[in-house]
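The values are calculated or read from the model by the stated rules, or taken from the named source; none is laboratory data. The structure presented is a predicted model; accordingly, all values stated were derived computationally and were not measured. Neighbour counts are summed over all protein chains in view; Cβ atoms, including those assigned to glycine, are modelled from backbone coordinates with ideal geometry. Accessible surface areas use protein heavy atoms only, side chains included; no ligands, DNA or RNA. Shrake-Rupley method; radii C 1.70, N 1.55, O 1.52, S 1.80 Å.
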Amino acid sequence: MATAFMAIAHRGASSYAPENTFAAFDLALEVGARELEFDVQESADGALVVIHDDALDRTTDGAGPVAKQTLAALRKLDAGSWFHPRFAGQRIPALPEVLARYAGRARLHVELKGKTPTLAGKTVECIRSYAAAGAVTLTSFQKERLAEARLCAPDIPAGWLLRTIAGAEIAAARALGLAQLCPKADIVTPELVRSLRAAGFLVRAWGVASEALMEQVVRAGADGMTVNFPDRLLAFLARNPPGRA
Ligand code: G3P
Ligand code: CA
């Protein structure tokens, strides 16, 4: 049976607002997205914070590793001005705040970005405390984080972000009980989608750097993608409904 294409706002509507902030997530919902992706890592005092890079320098007015700062220190940083002055005052969100604000309004694709062995367990605990497990997919590039997630949350679907996919990855994904394989968009072809589907996985792309690549992923028959410009993906899907059986 056909399922809806997963049009996932990558770090929010991050082409138009500073990534991984309320501004970007709110805007994604405003343009019609119902799936949000964001990155989680741990602060020095073990809080869960939503930020992509290991370091603060690119997306805040702070500097150095996220993991060396307490939640209180991270909360003081400006995570919006780097993108445009009108976003001054946007903060690095804590995971509980994101769950409180968006659970029930969107499916949440939570990427386990940090490298700490406690990250998956704490993230799952937090998700459960907001009764959000039914509307979450956990993802990671790190097989270790996925294994930890599967151990404590076999009920929450999980996807592995990969740059290349061969037999070894498919076997490992099967052993872990993953629901999704997530190839980089530039390797997504109809053949790859068919083979991963035949192996029992949903195929959800990432790294969609252009509209041409976005269209290629849809036409290849994939199940979804993260994209910085969800408005353009939704418009394309409205004009070109994915015809999957
Ligand atoms: O869709 C997943 C995507 O977010 C992976 O790449 O670097 O943006 O976390 P990155
Ligand atoms: Ca991510």
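Given 37 °C and 0.692 mPa s, compute D for the chain with the Stokes-Einstein relation, Rh being the Kirkwood radius over Cα pairs; round to the nearest whole µm²/s.
Values: Rh = 18.1 Å.
Estimated via Stokes-Einstein, D reaches 181 µm²/s.
If you count only protein heavy atoms with a 1.4 Å probe, what accessible area per residue comes out for segment 133-180, rounded to a whole Å²?
Numbers: 2030 Å² over 48 residues.
Here the residues of segment 133-180 average 42 Å² of exposed surface.
Between the alpha-carbon centers of segment 93-121 and segment 173-230, tell me the distance in whole angstrom.
22 Å
What percent antiparallel are the DSSP beta bridges of the chain, to the nearest 5? Kindly include the intermediate steps, with their values, before the conclusion.
Details: 5 of 34 bridges.
Roughly 15 percent of the beta bridges in the chain run antiparallel, per DSSP.
Which residue, Ala209, Thr189, Ala235, has the largest displacement toward the positive end of the dipole of segment 186-235 when charges sit on each Cβ (Lys, Arg +1; Asp, Glu -1)?
With unit charges placed on the Cβ atoms, the residue in question is Thr189.
Counting only other residues whose beta carbon sits under 10 Å from that of Ala88, what net charge do I get with K and R as +1, D and E as -1? Present the calculation step by step, with values, prior to reporting the outcome.
Details: positive: Arg86; negative: Asp61, Asp78.
Every neighbour counted, the sum reads -1.
What does the charge count around Gly62 come to, taking other residues whose C-beta lies under 15 Å from its C-beta (Lys +1, Arg +1, Asp -1, Glu -1)?
0
Find out how many positive minus negative residues lie around Leu36, taking Lys and Arg as positive, Asp and Glu as negative, among other residues whose Cβ is under 15 Å from that of Leu36. The partial results should precede the final answer.
Details: positive: Arg11, Arg34, Arg101, Arg105, Arg107, Lys113, Arg204; negative: Glu19, Asp26, Glu30, Glu35, Glu37, Asp39, Glu97, Glu111, Asp231.
Around Leu36, the charge tally is -2.
Taking Lys143 as the anchor, which lysines have their alpha carbon closer than 23 Å to its alpha carbon, excluding any fewer than eight residues away along the same chain?
Leaving aside lysines fewer than 8 places away in the same chain, those within reach of Lys143 are Lys113, Lys115, Lys122, Lys184.
Divide by every residue of the chain the summed helix terms, -39500 (n - 2.57) for each DSSP H run of at least 4, and state the resulting mean residue ellipticity at 222 nm, rounded to the nearest 500 deg cm²/dmol. Each step should come with its number before you reach the end.
Values: 9 runs with 81 residues, N = 245.
Value at 222 nm, helices only: -9500 deg cm²/dmol.
Using a probe of 1.4 angstrom, how much of the accessible area of segment 6-239 is carbon and sulfur, in percent? Present the calculation step by step, with values, prior to reporting the outcome.
On the way: 5250 of 9350 Å².
Solvent-exposed carbon and sulfur of segment 6-239 make up 56 percent of the total.
In what sequence, largest accessible area first, do Arg91, Arg107, Arg86 appear using a 1.4 Å probe? Please list the in-between numbers first.
Details: Arg91 90, Arg107 65, Arg86 160 Å².
Largest to smallest exposure gives the sequence Arg86, Arg91, Arg107.
Could you calculate, for segment 22-162, the ratio of the Cα radius of gyration to the Kirkwood radius, expressed as Rg to Rh?
Working: Rg = 14.5 Å, Rh = 15.3 Å.
A ratio of 0.95.
When only the heavy atoms of the protein chains count and the probe is 1.4 Å, how do Cys152, Cys182 rank by accessible area, highest first?
Details: Cys152 55, Cys182 0 Å².
Listed by decreasing accessible area, they come as Cys152, Cys182.
Rounding to the nearest 20 debye, state how big the charge dipole of segment 6-239 is about its Cα centre with +1 on each Lys and Arg Cβ and -1 on each Asp and Glu Cβ.
Details: 27 positive and 26 negative charges, 71 e Å.
Rounded to the nearest 20 debye, it is 340 debye.
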